[in-house]
1. Binning every alpha carbon pair distance of the chain at 10 Å from zero, what are the percents per bin?
2. 7 Å from Cα along Cα→Cβ at both Phe203 and Asp66: what's the point-to-point distance in nm?
3. Between segment 13-81 and segment 157-176, how far is it from one alpha carbon centroid to the other, in angstrom?
4. Which Cα, out of Gly18, Thr127, Phe67, lies furthest along the positive dipole direction of the chain (beta carbon charges, K/R +1, D/E -1)?
5. With respect to the cross-link table entries Lys113/Lys212; Lys178/Lys200; Lys97/Lys212; Lys3/Lys212; Lys144/Lys212; Lys3/Lys178, which display a Cα-Cα separation exceeding 30 Å?
6. Whats the longest run of the chain with zero trypsin sites (Lys or Arg not before Pro) that are DSSP loop and have at most 15 other Cβ atoms within 10 Å?
7. Scan around Gly190 for amide H atoms under 5 Å from its own, H built in the peptide plane at 1.01 Å from N, and keep only partners 5 or more places away or cross-chain.
8. In whole Hz and in residue order, list the ³J(HN,Hα) couplings for segment 35-42 that follow from phi through the Karplus curve 6.51 cos²θ - 1.76 cosθ + 1.60, θ = phi - 60°; x for Gly and Pro.
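Derivation of every value follows stated rules applied to the coordinates shown; laboratory data play no part. Keep in mind the model is a prediction, meaning the values are calculated, not measured. Cβ sites come from the backbone with ideal geometry, for glycine too, and all protein chains shown count toward neighbours.
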Amino acid sequence: MRKGAVGNVGVGIADGIGLVAREEGCADDFILTVETGPIGGITSQGIAFGANVNTRAILDMTSQFDFYHGGGLDVCYLSFAEVDQHGNVGVHKFNGKIMGTGGFIDISATSKKIIFCGTLTAGSLKTEIADGKLHIVQEGRVNKFIRELPEITFSGKIALERGLDVRYITERAVFTLKEDGLHLIEIAPGVDLQKDILDKMDFTPVISPELKLMD
């Protein structure tokens with residue numbers, strides 16, 4: 001995120017963005033907002049999500065969405081449930097259950113850059129970091145990167161038509177969206193490309209010739 005940028009942080013794994021920014025000492029370089037109204041400060045996590053600490057201002061929710069709809073967001077950080085080979089994202093219906101979209105559509109449809117955050121697999125996934133490397137202690141039972149989404153919440157096709165920069169960041173791999181689908185551009189130190197990433201996806205992404213390690 002560039003200096004002075006205005007971003008949105010969504011619920012779920014993405015809600016830790018503000019805390020990481022504080023730990024890295026760059027929280028004052030940009031402004032994070034939440035759809036409930038806070039502008040600036042550090043986003044809260046978990047059940048307290050929606051209430052920022054040390055906010056610069058608080059708007060009512062309708063005014064916050066007016067700001068979003070008007071193109072005020074430079075970047076957004078949103079959690080994902082499932083991603084398919086076309087870069088489409090699903091959050092409103094999975095495992096046969098309808099969860100709803102919240103502000104996801106409004107935010108992803110108006111932000112200039114979109115960062116999706118999540119894990120590559122789900123269901124009892126356990127990881128740990130040791131000696132600067134990621135270790136998969138227990139693999140998740142469910143692949144979250146599937147061939148085709150049954151229902152689309154975010155359209156990769158429309159994002160490409162708008163010329164957006166779209167990234168998908170997981171604990172072990174980073175992807176970017178291009179015309180020919182998802183490109184794998186980074187992998188975490190300590191993971192095996194085939195066993196820990198490609199074998200845990202229902203499709204094969206384009207592997208960047210400049211594939212590098214995640215920082």
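1. With 10 Å bins starting at 0, P(r) equals 8, 33, 37, 20, 2.
2. 4.0 nm
3. Using only Cα atoms to place each centre, the spacing works out to 20 Å.
4. Positive-most Cα among the choices belongs to Phe67.
5. On the way: Lys113/Lys212 22 Å; Lys178/Lys200 21 Å; Lys97/Lys212 37 Å; Lys3/Lys212 25 Å; Lys144/Lys212 22 Å; Lys3/Lys178 26 Å.
Checking Cα-Cα distances, Lys97/Lys212 exceed 30 Å.
6. That gives 57-140 as the longest site-free run.
7. Under 5 Å from the amide H of Gly190: Leu134.
8. Once θ is set to phi - 60°, the couplings for segment 35-42 become 4, 6, x, x, 10, x, x, 10 Hz.
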